[in-house]
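Every read-out reported here was derived from the displayed coordinates using simple, explicitly stated rules and does not represent laboratory data. Note that the structure is predicted; figures quoted are calculated from it, not measured. Here the Cβ positions follow ideal geometry from the backbone for every residue, glycine too, while neighbour counts run over all protein chains shown.
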Amino acid sequence: MQLAQIRQFEAVGFRSWPASSVHYDGSWAIRMTASHPSKRLNSVNPLDPGDTDNLEQRVARAAQRFRAYGRPPIFRQSPLAPEALDQYLEELGWARFDESMVMVVDLANVDLSDAIDQIPLKDIGRFIDAALQVQGDNAALKPGLFEVINAIRPSKGLFVIEEGAVPVSTAICVQDGALAGLFNIGTAANRRRVGLGRTIIKSALKWALQHGAKKAWLQVEIANTGAIALYEQMGFNEAYRYAYRQAPET
């Protein structure tokens, strides 16, 4: 994927999962969110491969800002990050972890003939309760997750599949123009590999297509081979990768 397209997906990603505070140092977007610990919401995101001036001072400033904020200093290194910066962080001992893949599909190539017409939830609190239960996350994350989802400005669909009164699968679809991003995809541990993930994704994609989306995209960790296999079966292909680097403890 060309850098111009990557910039487009990165910008859409920032709007789709908004940080509460964004500060720029040159082309580095420093995203910080006190209410939620997500790395995507608390990281430095370099956006220009040619922006390599004063790396030593700028990295030190960013690290100081994060520590003052009570967050570990983290860089998110996409293809837009300068190679010189990645090499410098490596020399400083910043650990590289959680390599992830951005995958994209043309919705015209996805078979949605069996997709269920599902009306997205309007109640953010109810969705979050379902998502936390499905993914086994700490209920203390609810206020922060509510703040993030409530701050999403593009159109969003909150999807939940229940069996009886028990939530078993969840997903968020954010439609930003022609692009629809999928977030927070999850299926209860005891209900995996029975097609629920495919079902909820198809419902979300059908909703996005009906609202004008042309392509869908998502992010998945490379280690999650089961999810990647599902997405590939549905037509998603790798667009680019990114990874995080975290400062050594001081």
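Structure above, values below:
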{"read-out": "Virtual spin-label span in nm between ARG126 and GLU163, 7 Å along Cα→Cβ", "value": "2.1 nm"}
{"read-out": "Pairwise centroid distance, computed over Cα atoms, of region 198-212 with region 122-154, Å", "value": "20 Å"}
{"read-out": "Peptides ranked, highest mean first, by Cβ atoms within 10 Å: ranges 234-245, 21-32", "value": "234-245, 21-32"}
{"read-out": "Peptides ranked, highest mean first, by Cβ atoms within 10 Å: ranges 47-58, 81-92, 152-163", "value": "152-163, 81-92, 47-58"}
{"read-out": "Lysines whose Cα lies under 18 Å from that of LYS39, excluding same-chain neighbours fewer than 8 positions away", "value": "LYS142"}
{"read-out": "Net charge, HIS36 excluded, C-beta distance under 13 Å - Lys, Arg +1, Asp, Glu -1", "value": "+3"}
{"read-out": "The chain - charge dipole about Cα centre, Lys and Arg +1 at Cβ, Asp and Glu -1, debye rounded to 20", "value": "580 debye"}
{"read-out": "For the chain, calculated [θ]222 nm from helices alone, where every DSSP H run of n ≥ 4 adds -39500 (n - 2.57)", "value": "-10500 deg cm²/dmol"}
{"read-out": "Aspartates and glutamates whose Cα lies under 14 Å from that of LYS206, excluding same-chain neighbours fewer than 8 positions away", "value": "ASP106, ASP111, ASP114, ASP117"}
{"read-out": "Computed FRET value (nearest 0.05) for ASN109 with ALA60, which takes r as the C-beta separation and R₀ as 51 Å", "value": "0.65"}
{"read-out": "Charge dipole (debye, nearest 20) of region 105-240; +1 at Cβ of Lys and Arg, -1 at Cβ of Asp and Glu", "value": "120 debye"}
{"read-out": "Neighbour cut-off at most 11 other Cβ (10 Å), DSSP loop, trypsin sites (Lys or Arg not before Pro), region 84-150", "value": "LYS122"}
{"read-out": "The chain: antiparallel DSSP beta bridges as a percent of all, rounded to 5", "value": "90 percent"}
{"read-out": "Separation in nanometres of the label points that stand 7 Å from Cα toward Cβ, at GLU238 and ASN224", "value": "1.7 nm"}
{"read-out": "GNM top mover of ALA139, ALA180, ALA115 - the chain, alpha-carbon springs below 10 Å", "value": "ALA139"}
{"read-out": "Listed residues SER203, TYR242, ALA11: farthest to the positive end of the dipole of the chain (Cβ charges)", "value": "SER203"}
{"read-out": "Whole-angstrom Cα spans of the chain along principal axes, big to small", "value": "55, 39, 31"}
{"read-out": "Against the rule of thumb 2.2 N^0.38 Å, how large the Cα Rg of region 105-240 comes out", "value": "0.99"}
{"read-out": "Counting all C-alpha pairs of region 182-235, share separated by more than 16 Å (%)", "value": "43 percent"}
{"read-out": "Base-10 log of normalised Debye intensity for region 211-250 (one unit scatterer per alpha-carbon) at q = 0.16, 0.18, 0.26 Å⁻¹", "value": "-0.55, -0.64, -0.98"}
